[in-house]
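So the structure is just underneath, and the comments pick up after that.
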Amino acid sequence: MDATMPKQLLFIPGPVTCAPEILAAMAAPMIDHRGPAFAALLERIARGMQPIFGTTSDVVVAGSSGTGGLEAAVANLFSPGQKVLSCPVGVFGKRLATIAKLYGLDVEFLETPLGSATDPAALAARLRADRAHEIAGVMLTHNETSTGVQNDMAALAAAIGDHPASVVVDSVSGLGASDFRMDAWGFDVVVTASQKALAVPPGMAMIAVSPRAWERMAAASEPKFYFDLRKAREFAALGQTPWTPPVSIAYALDVAIERYHAEGAAHVYARHARNSHAIHTFAKAVGLEVFSQPGAHSVTVTSMHVPAGLEAAKIRKALLDEHDVVLGGGQAELKGKIVRMGTMGALSVADFVRGFDAFETVLREQGLAIEAGIGTRAARAFLEGDLVTR
Ligand code: PLP
């Protein structure tokens, strides 16, 4: 890539804008991935990720994007033919179910209308009906990036109660941006990835595993090689990964975790909540309807209906071509129907103001009848007021 290429202002929900310190960390020289310096680095990553997951259990890493971590969860926890209850609320939950099917699992769906969160009462009812405990796994999404929906994980944990199923959570686009308590909520395998709320380039999946899950993995018979988590744990005890890790991403992740804790989790949560609130404020002011249902809004990505008469692809193209601003589009059945604006990454208030300004300029140019500056003024007033009161 040409280093002189214009910098894009990224509002896609990953990969996200990385702070200069994070990018600079990746320029450090290579080290022996089986030597003491890498062992110390791996240990810092595992220890530093634990409070972000809300766990005291092991966190292992894999050189892959988030999908690899999710495949690892399926391949390690289960045996062919076992029944799992998949609770998708969009594209990524369905993808996890597809992985489970490919591994020969018997996948049952708990259906949820797009834009809504998984209903804890429906989950509780289905599990209560499973008196014989045939359901070996429950698969949940913390934050569904395709719809901008965030599940209430505490409520879903309570709905599962003491049902013995292993609980797999896709928190690829959620972890770090809001409160998450893996141990308190009784989750077994939680997966996240480097390029989302931790704001590191893509390349590493971080996978937290409960003690109960390690026990079950010993008896699970799905085939696995690259994503053998028990092997990852054996090697982690030696300060290594089984296979050659993305060393430069590990450097960057190490810096990101340090910066995360220096900022403080509460502040990181507040930052994502504030920026998502600013997007909602903007949407309301310009008359864009938010796609996610009240009570189910994500703090990392906001989905908005495309106004009647306008085209998502044209809006996104003009933003990119004329403003170097990148918004996400809709996926699968939502293609052309929504646009998505994310909050993850090293984005300042000024970046948001620039993004809003470009977005409403394009909306006006493409025919939306709104007063110039109305959305940006509203969002800016909220952001500046919020900063003052903090
Ligand atoms: N799950 C969720 C909720 C995601 O947002 C994504 C990516 O956007 C994935 C899974 C897949 O992760 P990756 O693209 O890192 O493989």
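The values are calculated or read from the model by the stated rules, or taken from the named source; none is laboratory data. Worth saying up front: this structure is predicted, and the values here are computed from it rather than measured. Here the Cβ is made from the backbone with ideal geometry for all residues, glycine too, and neighbour counts use every protein chain on show.
A few comments on the model shown:
- Filter result for the condition that a residue is in a loop (DSSP other than H, G, I, E, B), over 21 Å from ALA205 (Cα atoms) and within 21 Å of the chain's Cα centre (by Cα), over PRO13, PRO113, PRO80: PRO113
- For ILE257, the test of being within 14 Å of the ligand (Cβ to nearest atom) and part of a helix (DSSP H, G or I) is failed.
- Annotation: GLU258 fulfils all but one of (1) without any contact (Cβ under 8 Å) to a residue 60 or more places away in the chain; (2) surrounded by fewer than 17 Cβ atoms within 10 Å (Cβ to Cβ); the unmet one is (1).
- Failed item in (1) touching a Phe, Trp or Tyr at 6+ places or on another chain (Cβ under 6 Å); (2) within 16 Å of the ligand (Cβ to nearest atom); (3) not in a helix (DSSP H, G or I), with ILE31 passing the rest: (2)
- Pairs where the first residue, in region 89-106, is touching a residue at least 24 places away in the same chain (Cβ under 8 Å) and the second is within 12 Å of the ligand (Cβ to nearest atom) and among the small types (Gly, Ala, Ser), C-beta under 8 Å, 6+ apart: GLY90/SER146; VAL91/SER146; PHE92/SER146; PHE92/SER173
- Check on GLN50, in contact (Cβ under 8 Å) with a residue 24 or more places away in the chain and either of a type in the set (Val, Ile, Thr) or crowded, with 21+ Cβ neighbours inside 10 Å (or both): no
- Taking the listed residues LEU114, LEU102, LEU175, LEU96, the one that is closer than 30 Å to GLY336 by Cα, at pLDDT 95 or above, surrounded by fewer than 17 Cβ atoms within 10 Å (Cβ to Cβ) and within 16 Å of the ligand (Cβ to nearest atom) is LEU102, with no other qualifying.
- Among (1) buried (at least 16 other Cβ atoms within 10 Å of the Cβ); (2) in a helix (DSSP H, G or I); (3) under 24 Å from the mean Cα position of the chain (by Cα) - the single one MET341 does not satisfy: (2)
- The set of residues in region 178-189 that are within 16 Å of the ligand (Cβ to nearest atom) and over 18 Å from PRO120 (Cα atoms) comprises SER178, VAL189.
- First in region 64-77 and closer than 12 Å to ASP170 by Cα and within 7 Å of the ligand (Cβ to nearest atom), second anywhere and part of a helix (DSSP H, G or I) and of a type in the set (Val, Ile, Thr), Cβ under 9 Å, 6 or more apart: THR67/ILE99; LEU70/ILE99
- Annotation note: Cβ proximity below 9 Å between a residue of region 130-142 that is more than 16 Å from ASP162 (Cβ to Cβ) and a residue that is among the aromatic types (Phe, Trp, Tyr) and away from the ligand (no atom under 11 Å from the Cβ) (sequence gap 6+ or interchain) occurs for LEU140/PHE187; HIS142/PHE180.
- Residues being buried (at least 22 other Cβ atoms within 10 Å of the Cβ), under 30 Å from PRO20 (Cβ atoms) and touching a Ser or Thr at 6+ places or on another chain (Cβ under 8 Å) are entirely absent from region 211-232.
- VAL84 being more than 16 Å from the ligand (Cβ to nearest atom), buried (at least 24 other Cβ atoms within 10 Å of the Cβ) and over 26 Å from ARG259 (Cα atoms): yes
- Any hit, region 223-245, residues being within 16 Å of the ligand (Cβ to nearest atom), part of a helix (DSSP H, G or I), of a type in the set (A, V, I, L, M) and farther than 19 Å from LEU85 by Cα: no
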